[in-house]
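The values are calculated or read from the model by the stated rules, or taken from the named source; none is laboratory data. Small disclaimer: the values here were computed from a predicted structure and weren't measured. Note that each Cβ is placed from the backbone with ideal geometry, even for glycine, and that neighbours are counted across all protein chains shown.
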């Protein structure tokens, strides 16, 4: 509709408007104009010259942020010493302070027979009771009502996560005690029990030194690595006077990087693991733990003398060589309610690694 058409429509409706009391009669010969000559009378649609609010071209970022419902957790080194020892066993409970294991050794001798010969020492036994001491250790968690609510907004169950953190810390110490024991107590580890034989020194390698690797590069040849392992197994066979042999069930325990050396392959396509499986069919090769690696800034639980290797025969005449012992795996106490918070304590107890037959274990350090 243009201006002329609009004017015509207005004139058509004028009688109706006047009948309702709306009149545009004037004394002038023409209608009064209130706009200056030449000014357009169309309605203006201009924007305001300034904003009353802060400029914004979007929405809050949190409205376009997705929170994954699956919680990803930090990964730590495996707690493998109990598996390497062959078993983990509960001994008593947390109230026990000392563990005593009866030990019987036959004594006596024989002599040539004679009808009237009774001058011989009778067969007898010698009994002793070696003992170990338990070490109790604890961990606590704290959490508040507001903390729980706020963490829940981020899809994290604060209470459950803190309980798992406490359990991990307790298990980590338990694993360390299984490896090294607890100083000041009759509580020893798989690697440092005073009854273990002295560690062997590896043979000097063709490239120089005794180590299998320099950094992460394996420098020793497959035959050199195999010879070191063979020498250590031979030590155990010698210590047990043949009760352990090449067919015995045993575990080869080394650090994670040293473990990679058994993949070293010779020019005939034969690697160290092939030689080991052929000659020692019941030797387990999956014994790896960082406690066997050399001490370093990234491995504060390592061995100061260098990378350690152990061979553990699991049974001597049907009797366990060793096992990891605990008195209490995890005992939790009541949750203490504060005004707007909570606290809970948990305790564990370890006997270290109980080694019943030290002769069934051999060590070599400096590989």
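Taken over segment 141-164, the criterion of being touching a strand residue (DSSP E or B) at 6+ places or on another chain (Cβ under 8 Å) and loosely packed, with under 13 Cβ neighbours inside 10 Å is satisfied by 142, 145.
All of (1) under 27 Å from residue 343 (Cβ atoms); (2) in contact with a helix residue (DSSP H, G or I) (Cβ under 6 Å, 6 or more places away or on another chain) hold for residue 88 with one exception: (1).
In a residue-by-residue description of segment 54-65, the property of being touching a strand residue (DSSP E or B) at 6+ places or on another chain (Cβ under 8 Å), at pLDDT 85 or above and either surrounded by 10 or more Cβ atoms within 10 Å (Cβ to Cβ) or over 30 Å from residue 138 (Cα atoms) (or both) applies to no position. For segment 231-252, the tally of residues that are more than 18 Å from residue 292 (Cβ to Cβ) and surrounded by 16 or more Cβ atoms within 10 Å (Cβ to Cβ) stands at 6. Considering only residues in segment 292-319 that are in contact with a helix residue (DSSP H, G or I) (Cβ under 8 Å, 6 or more places away or on another chain) and without any contact (Cβ under 8 Å) to a residue 60 or more places away in the chain, the one that is nearest to residue 215 (Cα to Cα) turns out to be 293. Checked against the criterion of being touching a residue at least 40 places away in the same chain (Cβ under 8 Å) and either within 24 Å of residue 331 (Cα to Cα) or not in a loop (DSSP other than H, G, I, E, B) (or both), the candidates 187, 169 yield just one match: 187.
For the criterion of being touching a residue at least 12 places away in the same chain (Cβ under 8 Å) and either over 30 Å from residue 337 (Cα atoms) or more than 26 Å from the chain's Cα centre (by Cα) (or both), residue 112 fails.
Residue 93 meets the stated requirement of being under 21 Å from residue 185 (Cβ atoms) and touching a residue at least 24 places away in the same chain (Cβ under 8 Å).
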